[in-house]
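All remarks here apply to the structure that follows.
Derivation of every value follows stated rules applied to the coordinates shown; laboratory data play no part. Fair warning: this is a prediction, and the values are worked out from it, not measured in the lab. Reconstructed Cβ throughout: ideal geometry from the backbone, glycine too, with neighbour counts over all protein chains shown.
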Ligand SMILES: [Zn+2]
């Protein structure tokens, strides 16, 4: 007995798939919905966002450290830093 109504049609691996963004035909082995170019583009975009966020965080951190070092009653931090530099 066949239950065609319940059986979902299996995905044919030989069926051509296309990039969702630019429509380039994708290789059947590629499970992504975007072609390699669009994925590279997207990765680059996220990389740029990451660099921007990292720079902003770095600036905040630098300001935080600059204000934190204004306290002259904590000379131990500087000594640790010098020791590390000598080891390296
Ligand atoms: Zn594409």
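Taking the range 26-56 only, how many residues are within 10 Å of the ligand (Cβ to nearest atom) and loosely packed, with under 12 Cβ neighbours inside 10 Å?
So the first thing to find is which residues in the range 26-56 are within 10 Å of the ligand (Cβ to nearest atom), and the list is 26, 32-42.
Next cut, loosely packed, with under 12 Cβ neighbours inside 10 Å only: 40.
Residues flagged as within 10 Å of the ligand (Cβ to nearest atom) and loosely packed, with under 12 Cβ neighbours inside 10 Å within the range 26-56 amount to 1.
Output the qualifying pairs, or none if there are none: Cβ atoms under 6 angstrom, residues six or more apart or on different chains, first residue in the range 35-53 and in a helix (DSSP H, G or I), second residue surrounded by 10 or more Cβ atoms within 10 Å (Cβ to Cβ).
Taking only residues 6 or more apart or on different chains, the pairs are 38/19; 38/21; 38/22.
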